[in-house]
Amino acid sequence: MNVCEYRQIALGPGPGSGSSATSQAQPPASGKQQQQDQQRRRRKWESFAGKNRFFCDGRLISGRQSGAFYLTLGLIVGTSGLFFGFDCPYLTENLTVAIPIIAGLLFVFVLSTLLHTSFTDPGILPRSTPDEAANLEKQIDNSGGSGYRPPPRTKEVLINGQTVKLKYCFSCKMFRPPRTSHCSLCDNCVERFDHHCPWVGNCVGKRNYRFFYMFLLSLSFLTAFIFACVITHLALRSQTVGLLNTLQETPAS
């Protein structure tokens with residue numbers, strides 16, 4: 001069986017590497033040097049990052065196609081900024097100070113859920129290491145028959161007394177759990193994959209679905225609140241100076 005096809009990115013120096021003879025000739029490293037080598041060892045997300053981008057030592061993640069995300073962020077900030085700059089002062093003076101407070105809370109909550117959705121791991125499953133992928137094919141080869149055989153597309157397992165069919169991902173080289181799909185844009189298997197949303201710049205899956213749902217809900221409330229306040233602002237001003245003069249005085253509304 002050919003194992004070389006799985007050697008994508010080396011996780012660390014192995015015993016069969018080309019520098020083994022050089023390392024044997026060198027004196028043994030001290031404890032401090034060994035600790036530094038372990039700290040410099042690449043993590044799994046660094047070796048199998050797919051097409052995602054990682055920040056803050058892997059704590060934040062996003063997709064590479066993030067242009068629509070910045071457009072979404074700009075529209076939310078721009079629309080809310082115009083509302084706070086042109087409509088809120090008049091409504092605060094003539095109605096109540098609670099309007100900018102409510103709008104501010106909704107605005108902060110929308111931004112928070114958007115950033116959580118965009119930079120939270122959606123549930124990416126680590127890819128199989130070269131040894132794990134090779135071991136899987138060894139088990140298949142030992143099951144009978146001669147020559148190399150690729151892994152089957154499906155495998156049935158028993159979970160809580162029920163037979164569940166698992167699909168094999170040839171990109172990640174593993175059997176995917178139920179409700180897991182491979183995102184072609186991020187090139188990763190995502191657990192409980194819903195869809196890849198370009199407007200948030202990330203996949204929507206198990207770990208960020210609740211943030212995505214709260215983002216849509218809070219954004220709907222913020223949009224409806226701003227729309228109602230703008231209509232109220234125009235109606236109050238048009239009673240005194242007329243609708244055309246109101247539109248000229250507050251073009252942002």
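General observations
- The condition of being open to solvent by 30 Å² or more (accessible area, probe 1.4 Å) and more than 23 Å from Phe227 (Cα to Cα) holds for only one of Pro89, Pro126, that being Pro126.
- In region 168-192, the residues that are among the aliphatic types (A, V, I, L, M) reach residues that are assigned to a strand (DSSP E or B) with C-beta atoms within less than 7 angstrom, at least six apart or across chains, in these pairs: Leu185/Gly63; Leu185/His196; Val190/Ile124; Val190/Thr180; Val190/Ser181; Val190/Cys183; Val190/Cys203.
- Residues within region 66-107 that are under 26 Å from Lys206 (Cβ atoms) and either in a helix (DSSP H, G or I) or touching a Cys at 6+ places or on another chain (Cβ under 8 Å) (or both), tallied: 7
- Subset of region 129-160 that is basic (Lys, Arg) and at pLDDT 70 or above - its residue that is most open to solvent (accessible area, probe 1.4 Å): Arg153
- Matching strands (runs of 3 or more DSSP E) fully within region 171-236 where at least 1 residues are at pLDDT below 90, more than 30 Å from Leu105 (Cβ to Cβ) and basic (Lys, Arg): 174-176
- Condition broken by Met1, with the remaining ones in (1) open to solvent by 70 Å² or more (accessible area, probe 1.4 Å); (2) modelled with pLDDT of 55 or more; (3) not in a helix (DSSP H, G or I) satisfied: (2)
- Residue match in region 97-116 (condition: touching a Gly at 6+ places or on another chain (Cβ under 7 Å) and surrounded by 20 or more Cβ atoms within 10 Å (Cβ to Cβ)): no
- Test: Leu91 is more than 13 Å from the chain's Cα centre (by Cα) and without any contact (Cβ under 8 Å) to a residue 12 or more places away in the chain: no
The values are calculated or read from the model by the stated rules, or taken from the named source; none is laboratory data. Keep in mind that this is a model prediction, so the values were computed, not measured. For neighbour counting, all protein chains shown are included, and Cβ atoms are generated from backbone atoms with ideal geometry for every residue, glycine included. All accessible areas refer to the heavy atoms of the entire protein, side chains included, with ligands and DNA or RNA removed. Shrake-Rupley method; radii C 1.70, N 1.55, O 1.52, S 1.80 Å.
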